[in-house]
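Q: Got a structure for you, questions after.
The values are calculated or read from the model by the stated rules, or taken from the named source; none is laboratory data. Please read these numbers as outputs of a predicted model, since none were measured by experiment. Note that we place each Cβ from the backbone using ideal geometry, even for glycine, and neighbour counts take in every protein chain shown.
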Ligand SMILES: Cc1cc2nc3c(=O)[nH]c(=O)nc-3n(C[C@H](O)[C@H](O)[C@H](O)COP(=O)(O)OP(=O)(O)OC[C@H]3O[C@@H](n4cnc5c(N)ncnc54)[C@H](O)[C@@H]3O)c2cc1C
């Protein structure tokens, strides 16, 4: 527990850590091996009141911002990265709904989420525009009181398990940039889940393509005003998504360090009686890895605090921290694989799983390539796009 965090957040971190240890960690290997969506984790979050992390307190939620999100996803990912990803995507989509929620959206979605009765998630990415997730090609047409949505989303985390999906669209015949986000309820006529995706890592997140064929969505499910999607993407989706991911990959990095520590302490040679931790060069290496981890955590939390405070210089912190967390996760998992020796270098060892999970950090949008570009552009006074 980090007692330097705000008191309410220390308590929430304690609740999450307890669930991580008792409910989530014991099934993490099965989640990975069977590509199983972690229903047990999501149910535990619902029962503990954690699904409402991003719901305002006046609607019964926990009213947390970016700092709460990165701390909780890190705590969960230390036990199971897929559970952290599923929880994180639910939290990001919740924040998107909450940003400009109408009375209907508050009652129908946010209060239900706070009560642990509703899971939501993000469906933004598309095959056609890939890493450029802010450029949807899914079409939106007004039809009387409703909208008609037509297109295909790729990699929808919590796919086919969530109760609603925050979908990005572009109005047919609109000027460039006239995008909108709306909430599509599960089971809407015209929704079709395509083949499940078996990932290299992050295998339990049920990330699936979703075909939306002439799906009729009531106008009251539109988020904000028509054409607001660019505001949503850069003001809400990006910061919350980056914090959820940065927290998740920090948790992966911490878990890799945990594994290295365990092995350095427990592995003892019969010929010398020496433990691995008695070897000086390994002490130096372990210290360097720990330093990498705490530097990244400091950057992530600084970004979160600045974002929560709407600090004028928050942007480069927020943009850089997820790329840094992904690099730290890959480096620490890779190094743990070396430090743990042959014990780790076997099929589906915990370290092998962490190394596979860590690799997703670079390709999940916004990708490391784009984030580094945007960080430099923001620091040099250039527009991001
Ligand atoms: C485990 C997992 C879960 C996911 N969950 C979700 C989800 O819940 N919702 C959702 O909407 N999406 C989700 N995604 C989608 C994810 O965000 C996509 O992987 C992302 O959009 C990348 O798309 P792509 O694979 O087509 O990459 P591509 O567009 O093919 O890019 C390939 C590489 O080229 C780089 N690149 C491209 N253009 C540039 C440029 N101009 N400058 C620098 N580098 C560049 C990219 O950074 C990337 O590394 C998930 C993905 C994964 C792996």
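Q: How many residues does region 186-223 hold that are under 27 Å from residue 108 (Cα atoms) and within 12 Å of the ligand (Cβ to nearest atom)? Before you say what the answer is, go through the steps one by one.
A: Pass one, region 186-223, residues under 27 Å from residue 108 (Cα atoms): 186-193, 205-223.
Keeping just the survivors that are within 12 Å of the ligand (Cβ to nearest atom) gives 205-210.
Adding up the residues that qualify gives 6.
Q: Conditions: (1) in contact with a helix residue (DSSP H, G or I) (Cβ under 8 Å, 6 or more places away or on another chain); (2) more than 29 Å from residue 349 (Cα to Cα); (3) within 16 Å of the ligand (Cβ to nearest atom). Residue 73 meets all but one. Number of the miss?
A: Just one mismatch for residue 73, condition (2).
Q: Assess whether residue 157 counts as being surrounded by 24 or more Cβ atoms within 10 Å (Cβ to Cβ), in contact with a helix residue (DSSP H, G or I) (Cβ under 6 Å, 6 or more places away or on another chain) and not assigned by TED's automatic domain parsing to the domain that holds residue 29.
A: Details: surrounded by 24 or more Cβ atoms within 10 Å (Cβ to Cβ): yes; in contact with a helix residue (DSSP H, G or I) (Cβ under 6 Å, 6 or more places away or on another chain): yes; not assigned by TED's automatic domain parsing to the domain that holds residue 29: yes.
Spelling it out, residue 157 is indeed surrounded by 24 or more Cβ atoms within 10 Å (Cβ to Cβ), in contact with a helix residue (DSSP H, G or I) (Cβ under 6 Å, 6 or more places away or on another chain) and not assigned by TED's automatic domain parsing to the domain that holds residue 29.
Q: Among 306, 285, 268, which is at pLDDT 95 or above, farther than 30 Å from residue 105 by Cα and out of contact with any strand residue (DSSP E or B) (no Cβ under 9 Å at 6 or more places or on another chain)? Before the answer, list the steps.
A: Details: 306 fails: farther than 30 Å from residue 105 by Cα; 268 fails: out of contact with any strand residue (DSSP E or B) (no Cβ under 9 Å at 6 or more places or on another chain).
None of the others qualify; the one that does is 285.
Q: Report every pair of residues separated by at least 6 positions or lying on different chains whose Cβ atoms are under 9 Å apart, first residue within region 198-210 and on the phi > 0 side of the Ramachandran plot and outside the structural domain of residue 24 (by TED's automatic domain parsing), second assigned to a loop (DSSP other than H, G, I, E, B) and near the ligand (Cβ under 6 Å from one of its atoms).
A: 202/157; 202/364; 206/157
Q: Let me ask something additional. Mind telling me which of the residues 213, 280 ends up being within 30 Å of residue 166 (Cα to Cα) and over 23 Å from the mean Cα position of the chain (by Cα)? I'd like the intermediate steps shown before the answer.
A: Working: 280 fails: within 30 Å of residue 166 (Cα to Cα).
Exactly one residue qualifies, and that residue is 213.
Q: Report yes if some residue within region 137-150 is outside any strand (DSSP E or B), within 12 Å of the ligand (Cβ to nearest atom) and over 14 Å from residue 364 (Cα atoms); otherwise report no.
A: Within region 137-150, the subset outside any strand (DSSP E or B) is 137-138, 144-145.
If we keep only those that are within 12 Å of the ligand (Cβ to nearest atom) as well, we get 138.
Okay, now just the ones that are also over 14 Å from residue 364 (Cα atoms), so 138.
Yes: one or more hits.
Q: Of these, 176, 160, which one is farther than 30 Å from residue 316 by Cβ and either part of a loop (DSSP other than H, G, I, E, B) or at pLDDT below 95 (or both)? Outline the logic, then answer.
A: Values: 176 fails: farther than 30 Å from residue 316 by Cβ.
Just one listed residue meets the conditions, 160.
Q: Out of all the residues in region 163-173, which are part of a strand (DSSP E or B) and out of contact with any helix residue (DSSP H, G or I) (no Cβ under 7 Å at 6 or more places or on another chain)?
A: 165, 167, 169, 170, 171
Q: Checking residue 77 against (1) crowded, with 19+ Cβ neighbours inside 10 Å; (2) more than 22 Å from residue 299 (Cα to Cα); (3) under 17 Å from the mean Cα position of the chain (by Cα), only one condition comes out false. Which one?
A: (2)
Q: Quick one: what pairs do we get from region 364-382, first residue farther than 11 Å from residue 242 by Cβ, second within 11 Å of the ligand (Cβ to nearest atom) and in a helix (DSSP H, G or I), C-beta under 6 Å, 6+ apart or different chains?
A: 368/323; 368/326; 368/362; 372/323
Q: Related question: In region 107-125, how many residues are outside any strand (DSSP E or B) and near the ligand (Cβ under 8 Å from one of its atoms)?
A: Of region 107-125, the ones outside any strand (DSSP E or B) are 107-119, 124-125.
When the remaining residues are screened for being near the ligand (Cβ under 8 Å from one of its atoms), the result is 124-125.
Result for region 107-125: 2.
Q: Do we have any residue at all in region 47-54 that's within 17 Å of the chain's Cα centre (by Cα) and in a loop (DSSP other than H, G, I, E, B)? Lay out the reasoning, then the answer.
A: Applying the first criterion (within 17 Å of the chain's Cα centre (by Cα)) to region 47-54 yields 50-54.
With in a loop (DSSP other than H, G, I, E, B) added as a condition, the list becomes 53-54.
The answer is yes, given that some residue of region 47-54 is within 17 Å of the chain's Cα centre (by Cα) and in a loop (DSSP other than H, G, I, E, B).
Q: Would region 335-355 turn up any residue that is within 11 Å of the ligand (Cβ to nearest atom) and assigned to a helix (DSSP H, G or I)? Can you show your working first?
A: Restricting attention to region 335-355, the residues satisfying the condition of being within 11 Å of the ligand (Cβ to nearest atom) are none.
Within region 335-355, not a single residue is within 11 Å of the ligand (Cβ to nearest atom) and assigned to a helix (DSSP H, G or I).
Q: State all residues of region 267-294 that are more than 18 Å from residue 340 (Cα to Cα), in a helix (DSSP H, G or I) and free of Cβ contacts under 8 Å to residues at least 12 places away in the same chain; if no residue qualifies, say none.
A: Within region 267-294, 291, 294 qualify.
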